Amino acid sequence: MGTRISEDEFDHLLATFRRTAFRMEMRDAYALDYEREEFGRFLAGTPTPPPELDWWRPWLDQIARLAREGKTVSRVRVLAEPPSDYQRWMIWAAPWYAEAGERIAYMTQRQAYSLGLPEGDWWLLDDERAVIMGFDDEDRIEVKTLITGPELITRYIAWRDLAVRNATTAERFAAA
């Protein structure tokens, strides 16, 4: 069905797409070791702005560079009700993503499932490739699988379009 890819191969795909990169985020939390300390600061009420963090800044710089090149990076985050602590942290960070040029929108888990969106996280690149992300029981990324078959990509395009149509933009979400 797909080809397992390394983190370096994934980073290369994400750095070299030609037009669009879309991320579907379905999880309540992600266990990324480099985030642990800063997430703790967020929970304690003393978070550091993302541009000031040496592990977060490269993502924001990459988004800004891609936007300057005329490329689009967007995502839909599917939120628990109420949002998990991790999701609240990402909502807090959304203005920095937007300033860099990334478009973020939100929907609830109930919405996503009622629309028939599949469970799981994935990226869709240039409407030609999908990268499916697999996680272990501790919310750590375990595997990334590259999908290129046109019949499967057509499904991911439809799911992306459905999610985007039904999600609330970060700006409208923050105003609510």
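The values are calculated or read from the model by the stated rules, or taken from the named source; none is laboratory data. Quantities reported herein were computed from a predicted structural model and do not represent experimental measurements. Heads up, the Cβs are rebuilt from the backbone with ideal geometry, glycines too, and the neighbour counts pull from every protein chain shown.
Here are a few things to note about the model shown:
- Residue 140 in contact with a strand residue (DSSP E or B) (Cβ under 6 Å, 6 or more places away or on another chain) and in contact (Cβ under 8 Å) with a residue 60 or more places away in the chain: no
- Taking the criterion of being assigned to a helix (DSSP H, G or I) and at pLDDT 95 or above, the residues of the stretch 156-176 that qualify are 156, 157, 158, 159, 160, 161, 162, 163, 164, 165, 166.
- Of all residues in the stretch 136-155 being touching a Phe, Trp or Tyr at 6+ places or on another chain (Cβ under 7 Å) and either aliphatic (A, V, I, L, M) or at pLDDT 95 or above (or both), the one that is nearest to residue 33 (Cα to Cα): 141
- Residues that are closer than 27 Å to residue 124 by Cβ and without any contact (Cβ under 8 Å) to a residue 40 or more places away in the chain, drawn from the stretch 16-52: 16, 33, 34, 35
- Flag for residue 102 being surrounded by 20 or more Cβ atoms within 10 Å (Cβ to Cβ) and without any contact (Cβ under 8 Å) to a residue 40 or more places away in the chain: yes
- When the stretch 7-37 is filtered for residues that are surrounded by fewer than 16 Cβ atoms within 10 Å (Cβ to Cβ) and assigned to a helix (DSSP H, G or I), the ones remaining, listed by number, are 7, 8, 9, 11, 12, 15, 16, 33, 34, 36, 37.
- The set of residues in the stretch 112-121 being surrounded by fewer than 18 Cβ atoms within 10 Å (Cβ to Cβ) and either touching a strand residue (DSSP E or B) at 6+ places or on another chain (Cβ under 6 Å) or assigned to a helix (DSSP H, G or I) (or both) consists of 113, 114.
- Check on residue 127, of a type in the set (D, E, K, R) and either more than 22 Å from residue 62 (Cβ to Cβ) or part of a strand (DSSP E or B) (or both): no
- Residue 4 passes every criterion in (1) more than 23 Å from residue 139 (Cβ to Cβ); (2) touching a residue at least 60 places away in the same chain (Cβ under 8 Å); (3) not in a helix (DSSP H, G or I) apart from (1).
- Note on the stretch 58-92: among residues that are of a type in the set (Gly, Ala, Ser) and surrounded by fewer than 17 Cβ atoms within 10 Å (Cβ to Cβ), the one that is nearest to residue 162 (Cα to Cα) is 80.
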